[in-house]
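So the structure is just underneath, and the comments pick up after that.
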Amino acid sequence: MNSNNKDIDILIQLMAKLPGLGPRSARRAVLHLIKKRDILLSPLADSLFTVAQTARECVTCGNIGTMDQCDVCADPRRAIGQICVVEDVSDLWAMERAAVFKGRYHVLGGVLSALDGVGPEELRIPNLVSRVGDENITEVILALNATVDGQTTAHYIADQLEDMGVSVTSLAQGVPIGGELDYLDDGTITAALNARKAV
Amino acid sequence: MAHLAVRQLTLSHFRSHKRAVIETDGRPIAIYGPNGAGKTNILEAISMLSPGRGLRRAKTAELARVPETVGWKVSAILESLGHTHELETSFTGDGSRTVLIDGKAAPQIALGRLARVVWLVPVMDRLWVEGADGRRRFLDRLAMSFEPSHGEQTLVYERSMRERNRMLKDGITDPSWYGAVESQMADAGAMIAQNRLQTIARISAAQAIATTSFPAASLTLVNADNSEIIETADQLRDAFADGRRRDMQAGRTLVGPHRDDLNAIYATKDVPAAQCSTGEQKALLVSLILSNARALAQDFGAAPIILLDEVGAHLDADRRAALYDEICALGAQAWMTGTGAELFDSLGNRAKYLMVDDGATSAIHPIP
Ligand SMILES: Nc1ncnc2c1ncn2[C@@H]1O[C@H](COP(=O)(O)OP(=O)(O)OP(=O)(O)O)[C@@H](O)[C@H]1O
Ligand SMILES: [Mg+2]
Ligand SMILES: [Zn+2]
């Protein structure tokens, strides 16, 4: 029991499931929302409702947006022949925040890991291969984490693309082992992109 | 005066020690006290200042003092080549142990760049007669003292080999996927093999020019199947690729540096280490540790921190005296244990003494 009220308890319990929030901070957040009903709670509810209806994966790259094609894929100015391959949507958003990369993305949705039961079929690798053929791609930039699994995935993709006449490069290893793209600051991402090298 | 030394060591809820602070000066540390007093626990705490599971290879949670089991913490002020660092490693009850270096969170592996620690413990008395694992671990610890990135390479190799072994067991056949995993194994594996060979070369060179009372060993890196040691990444890549079918039948990887072994021959007698007397086997180990220290003093500028648990056992009085002389001459910070103070008689006032008492909690008494 959190608040003595069933509806509010449900809200607290749901909020407590969000990353970074626990029961205590969820209670504080809910109380805050209720106090700011007009400027926060109602708009939040509307926004949640809208996004719940419309959010979806981009059919091309796997980014999250509200249309079949995400904003990046829909923008013709980003068809510059470069695809940046990332592990997760959060990595794509980190790259976008840094605002240095002008091409398009491909979200794998994970990395190869036999130990975790993730094989090539579980990732969006076949789609990547067909995009490289279909979209006049000249360079595929691998922005995968410097973990063992991330690097295995990079090798695998490079091998899949070997005979496709595309250059495969990788972000410079300024990214520490186990360091995740999402946690890097914009300057580091920019430097890593500028200093990318052939795989 | 040691160039690499723990200046102050603090144990908190670490095994039998509830809280203990040990101050050191430039001298080696001789720790004595009855069985079960908590002497080895102090050495184990220091070993946790380097990457890995420490000198008992214990599980992290096991180190937490019972009955409290509130986790544990080891912190130290480390002096390294004129710089002072604060190291702290602790475990709070879940996850793995965390590391702070100068107050900043750091990966465990980063400890290896600062605290070069090597050790001899009584279970290693059987090192030459038991399986290759122990010898490989011993060699890797020495290799890491020369080349801290050896630890990283080992992690990468082990992780990618576990991947490959799982793929073999799962009957995966995708050659491109194997190629990706094997490529990482090959890169890391070649570095591992080279580091090991270089370690052996450095130790052998140090042995050759040292005046020491300890026997020289002719060391070689050998392979489990007596095949050639594979030193280059390309050769390893080929060996893994060629071995897929055979490995799939075995359900694990049968070639690579995880199958290498350290071979030692008692040089003056031309007798394999495994066939030497108990005391001779121990003397060989001491000899390697001392040669490692000499080589590191040259390469890195300081001898490593040396943990010698019950090193007096199996060594006669002359050998013991010689060991103490050589440690003092090297300027290495050695932490040595023994049940009685008399084991350190020949060390005299060249060491700092700690007497450890058994009780509800281990108590440490510095001896003036
Ligand atoms: N997690 C723990 N909590 C509390 N006590 C522990 C823990 N782990 C080990 N001990 C105790 O620590 C005591 C001292 O161990 P240690 O190995 O340091 O003794 P020692 O002084 O080296 O003895 P010996 O001379 O027999 O080698 C042992 O009695 C052991 O039961
Ligand atoms: Mg002991
Ligand atoms: Zn898209």
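Past 28 Å, Cα to Cα, is the threshold; run B:K18/B:K59; B:K104/B:K352; A:K17/B:K18; B:K73/B:K169 against it and keep the listed order. It would help to have the intermediate numbers written out before the result.
Numbers: B:K18/B:K59 19 Å; B:K104/B:K352 31 Å; A:K17/B:K18 38 Å; B:K73/B:K169 39 Å.
Where the Cα-Cα span goes over 28 Å, the pairs concerned are B:K104/B:K352; A:K17/B:K18; B:K73/B:K169.
Computed over chain A, relative contact order equals 15 percent, with contacts defined as Cα pairs under 8 Å that lie 6+ residues apart.
Separation of region B:321-368 from region A:40-110 is 64 Å, based on Cα centroids.
Based on DSSP H runs of at least 4 residues, each adding -39500 (n - 2.57), what is the mean residue ellipticity at 222 nm of chain B after dividing by all its residues, to the nearest 500 deg cm²/dmol? Could you put the intermediate results ahead of the total?
Working: 9 runs with 138 residues, N = 368.
Dividing the helical sum by the residues of chain B leaves -12500 deg cm²/dmol.
Here's how it looks for B:W335: its modeled amide H is under 5 Å from those of B:I29, B:I306, B:L307, B:L308, which are all 5 or more places away or on a different chain. Let a ≥ b ≥ c be the square roots of the eigenvalues of the Cα gyration tensor of region A:76-170; is it rounded (a/c under 1.5), or, if not, prolate (a/b larger than b/c) or oblate? Cα axes put region A:76-170 in the oblate bin. Counting only protein heavy atoms and a 1.4 Å probe, region A:3-54 has 79 square angstrom of accessible area per residue. Peptide B:158-165 is shielded by partner chain Cβ atoms: per residue, an average of 3 of them sit within 10 Å of its Cβ. In region A:133-173, comparing the full protein assembly with the chain on its own, the residues that lose 40 Å² or more of accessible surface at a 1.4 Å probe are A:V148, A:T152, A:H155, A:Y156.
Look at the dipole of chain B built from charges on Cβ: of B:Y324, B:T211, B:N35, the Cα furthest out on the positive end belongs to B:N35.
Quick one: with all protein chains in place, what share of the accessible area of the protein assembly as shown is carbon or sulfur, to the nearest percent (1.4 Å probe)? Walk me through the intermediate numbers first.
On the way: 13540 of 26300 Å².
Carbon plus sulfur share of accessible area: 51 percent.
For the options B:R116, B:R350, B:R136, a Gaussian network treatment of chain B with springs between C-alpha atoms closer than 10 Å singles out B:R350 as fluctuating the most. Since only B:A193, A:Q82, A:M95 are under comparison, the one whose Cα sits farthest along the positive direction of the charge dipole of the protein assembly as shown, derived from C-beta charges on Lys, Arg, Asp and Glu, is A:M95. Pairing chains B and A buries close to 1400 square angstrom of accessible surface in total, based on protein heavy atoms and a 1.4 angstrom probe. Which residue fluctuates most in the GNM of chain A (Cα springs below 10 Å): A:I80, A:I39, A:I141? Result: A:I39 has the largest fluctuation of those listed.
Note that region B:302-310 has calculated 3J(HN,Hα) couplings of 7, 6, x, 6, 10, 9, 10, 8, 6 Hz, one per residue in order, obtained from phi through the Karplus relation 6.51 cos²θ - 1.76 cosθ + 1.60 (θ = phi - 60°); glycine and proline are x. Projected label points at A:A55 and A:K102, each 7 Å from Cα along the beta carbon direction, are separated by 3.2 nanometres.
Close amide H partners of A:T169, meaning residues 5 or more places away or on another chain with modelled amide H under 5 Å apart, are A:V140, A:I141, A:L142, A:V199. A simple spin-label model places the labels of A:R196 and B:K18 6.0 nm from each other, with each point 7 Å out along Cα-to-Cβ. Dipole check for chain A: with +1 at the C-beta of Lys and Arg, -1 at the C-beta of Asp and Glu, and the Cα centre as origin, the magnitude is about 1000 Debye. Placing +1 on each Lys and Arg Cβ and -1 on each Asp and Glu Cβ, with no other charges, gives the protein assembly as shown a dipole about its Cα centre of roughly 1400 debye.
Percent relative contact order of chain B, based on C-alpha pairs within less than 8 angstrom and at least six residues apart?
Worked out over chain B, it gives 25 percent.
Per-residue SASA remark: B:W177, around 10 Å² accessible (1.4 Å probe; ligands, DNA and RNA not included).
How would you classify the protein assembly as shown from its alpha-carbon gyration tensor, with a ≥ b ≥ c the square roots of the eigenvalues: rounded for a/c under 1.5, else prolate if a/b is greater than b/c, otherwise oblate?
Values: a/c = 2.61, a/b = 1.54, b/c = 1.69.
It comes out oblate by the Cα gyration axes.
Across region B:347-354, computed HN-Hα scalar couplings (Karplus, 6.51 cos²θ - 1.76 cosθ + 1.60, θ = phi - 60°) run 7, x, 8, 7, 10, 9, 10, 10 Hz from first to last residue, x flagging Gly and Pro. Find which of A:P120, B:L168, A:S47 sits farthest along the positive direction of the dipole of the protein assembly as shown, computed with +1 on the beta-carbon of Lys and Arg, -1 on that of Asp and Glu, about the Cα centre. Value: A:S47.
When ligands, DNA and RNA are left out and all protein chains stay put, how many square angstrom of accessible area per residue does region A:76-170 have with a 1.4 Å probe?
Numbers: 3720 Å² over 95 residues.
Ligands and nucleic acids excluded, the result is 39 Å² per residue.
Calculate the dipole size of region A:76-170 relative to its Cα centre from +1 charges on Lys and Arg beta carbons and -1 charges on Asp and Glu beta carbons; express the result in debye to the nearest 20. It would help to have the intermediate numbers written out before the result.
Numbers: 7 positive and 14 negative charges, 115 e Å.
The dipole magnitude comes to about 560 debye.
Label separation (B:H365 vs B:T278): 3.1 nm, computed from points 7 Å beyond Cα along the C-beta direction. Counting only other chain Cβ atoms within 10 Å of each residue's Cβ, the peptide B:169-175 averages 2. The Cα center of region B:44-101 and the Cα center of region B:148-204 differ in position by 27 Å.
Indicate, rounded to the nearest 5 percent, the antiparallel portion of the DSSP beta bridges found entirely in region A:76-170. Could the numbers behind the result be given before it?
Working: 1 of 13 bridges.
Roughly 10 percent of the beta bridges in region A:76-170 run antiparallel, per DSSP.
By the helix-only formula, in which each DSSP H run with n ≥ 4 contributes -39500 (n - 2.57) and the sum is divided by residues, chain A has a 222 nm mean residue ellipticity of -12000 deg cm²/dmol. Coupling constants for region B:56-71 follow from the phi torsions by the Karplus curve (6.51 cos²θ - 1.76 cosθ + 1.60, θ = phi - 60°), and in residue order they are 9, 6, 7, 6, 4, 5, 4, 6, 6, 5, 8, x, 5, 6, 9, x Hz; glycine and proline get x. For chain A, modelled as a GNM whose springs connect Cα atoms under 10 angstrom apart, the maximal fluctuation among A:K36, A:K102, A:K17 occurs at A:K17.
With both bridge residues required to lie in the protein assembly as shown, what share of the DSSP beta bridges run antiparallel, to the nearest 5%? Please report the intermediate quantities before stating the final value.
Details: 50 of 77 bridges.
Antiparallel bridges: around 65 percent, rounded to the nearest 5.
Over chain B, accessible surface divided per residue gives 42 Å², non-protein components excluded, 1.4 Å probe.
The values are calculated or read from the model by the stated rules, or taken from the named source; none is laboratory data. Quick caveat, the model's predicted, so the values are computed rather than measured. When we count neighbours, we look across all protein chains shown, and the Cβ atoms used for this are built from the backbone with ideal geometry, even at glycine. To get the accessible areas, we keep the full protein, side chains included, count just its heavy atoms, and leave off ligands, DNA and RNA. Shrake-Rupley method; radii C 1.70, N 1.55, O 1.52, S 1.80 Å.
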